[in-house]
Each structure stands twice: as structure tokens, then as C-alpha cells.
Amino acid sequence: MKPLILVLNGPNLNMLGTREPGQYGHETLADLGQRCAVAAQTHGLEIEFRQTNHEGELIDWIHAARARCAGILINPGAWTHTSVAIRDALVASELPVIEVHLSNVHKREPFRHVSFVSSIAVGVICGLGSQGYRMALSYFGELFKEQAA
Ligand code: DQA
């Protein structure tokens, strides 16, 4: 069975394609999901690609991942900068976490320079658009290949 990676997208990411295209590009969330599905296939992974605007729902998904997933790729959106609860849920999952942002948050407003997730993540990718998601999936693919060897 292929390792299952939960790919989570936080608030407002359902608006990709129309939301601040200068910042986030013209790709929609569906395009991003499609690209991730292709990358998952390439790297020997299964993915579940999800988005929510409700913090509690995201937390419930993270809790449920503990028993059934091998890793979490998360773009927490604005909750990156505000949510201790999401950080705590990720820690409780005991899964490897990669934090991804489409934009380079360090080039933007100072409040975006703070992340509650980064210090508990295996790694952080930002500023590379949807390629960041694919790079994170490539990393997970290699990680689980190494662990299986
Ligand atoms: C984002 C960056 C966040 O600061 C912002 O609130 C988002 C998207 C990104 O992917 O660049 O919603 O996570």
C-alpha cells in the first residue's frame, strides 16, 4: 500500500485563481490539486487534498490523520500566523509535517513572518508557488522509500 499524505489547505485558498493573482498566481485550487495528484503518482504516494475555511474542521482532520496517514503537507494560510491550536494538533498527530506557502511570506507584511507551525515542521517551503507542494511531495516520496529500504 502506498503511504497516504494528507494535503491540507487553510482559509481563503478556495479563492485561488481570483484572489490576489499578483501574490498567488492564476492557478485555481482544483489546478493545484490536480498537479499534486500527478506528483503523488510520480513519487509513489496516495494523497487526500482538502481545503477548509473552518479551523475546527482542519483540527478534526489532523486528529483523524494520526491513525491513517504517513505525513501531512499543510498550507495553513492565515492560521499559520495565529493558531496555537493547529500547531498543537499537528504535534499530537506525531506525523512528519511540511509547511508550504505559495508566496514568500518573508517578503510580505511583518505579521506574516511569524509562524506557529515552522518550529514543529520537518521543513518549510515558501515563495515557489504550486511547485512548493510538488517539492514537498517529492521529499515525502524519498523519505518513505528510504524508510522501506
Ligand atoms: C499563504 C500566506 C499566508 O500569509 C496567507 O494568509 C495565505 C496564503 C501562502 O500560501 O502564501 O492565505 O499561506
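Could you figure out which of (1) open to solvent by less than 70 Å² (accessible area, probe 1.4 Å); (2) more than 16 Å from the ligand (Cβ to nearest atom) isn't true of His81?
(2)
Among the residues of segment 86-100, is there at least one that is part of a loop (DSSP other than H, G, I, E, B) and under 26 Å from Thr28 (Cα atoms)?
Among the residues of segment 86-100, not one is part of a loop (DSSP other than H, G, I, E, B) and under 26 Å from Thr28 (Cα atoms), which makes the answer no.
Is there a residue being under 18 Å from Gly127 (Cα atoms), in contact with a helix residue (DSSP H, G or I) (Cβ under 7 Å, 6 or more places away or on another chain) and open to solvent by 20 Å² or more (accessible area, probe 1.4 Å) anywhere in segment 46-68? Quick ask: steps written out before the conclusion?
So the first thing to find is which residues in segment 46-68 are under 18 Å from Gly127 (Cα atoms), and the list is none.
No, segment 46-68 has no match at all.
Listed here are the residues, each with its yes/no results for (1) in contact with a strand residue (DSSP E or B) (Cβ under 8 Å, 6 or more places away or on another chain); (2) modelled with pLDDT of 95 or more; (3) away from the ligand (no atom under 15 Å from the Cβ).
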| site | (1), (2), (3) |
| --- | --- |
| Ile5 | yes, yes, yes |
| Asn12 | no, yes, no |
| Gln23 | no, no, no |
| Asp31 | no, yes, no |
| Gln41 | no, yes, yes |
| Asn53 | no, yes, no |
| Ala67 | no, yes, yes |
| Ala70 | yes, yes, yes |
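Would you check if there is a residue in segment 109-121 being more than 18 Å from Pro11 (Cα to Cα) and among the aromatic types (Phe, Trp, Tyr)?
Scanning segment 109-121 turns up no residue that is more than 18 Å from Pro11 (Cα to Cα) and among the aromatic types (Phe, Trp, Tyr).
Does segment 84-114 hold any residues that are away from the ligand (no atom under 16 Å from the Cβ) and among the acidic types (Asp, Glu), and which are they? Break it down into steps so the answer makes sense when it comes.
Taking segment 84-114 and keeping what is away from the ligand (no atom under 16 Å from the Cβ), we get 84-85, 88-89, 91-96.
Matches in segment 84-114: Asp88, Glu94.
Looking only at residues that are in a helix (DSSP H, G or I) and open to solvent by 50 Å² or more (accessible area, probe 1.4 Å) in segment 101-119, which one is farthest from Leu16 (Cα to Cα)?
Ser119
The values are calculated or read from the model by the stated rules, or taken from the named source; none is laboratory data. Predicted model, so just to flag it, every value in this text is computed and none were measured. Neighbour counts are summed over all protein chains in view; Cβ atoms, including those assigned to glycine, are modelled from backbone coordinates with ideal geometry. Note: areas computed on protein heavy atoms with side chains; ligands, DNA, RNA excluded. Shrake-Rupley method; radii C 1.70, N 1.55, O 1.52, S 1.80 Å.
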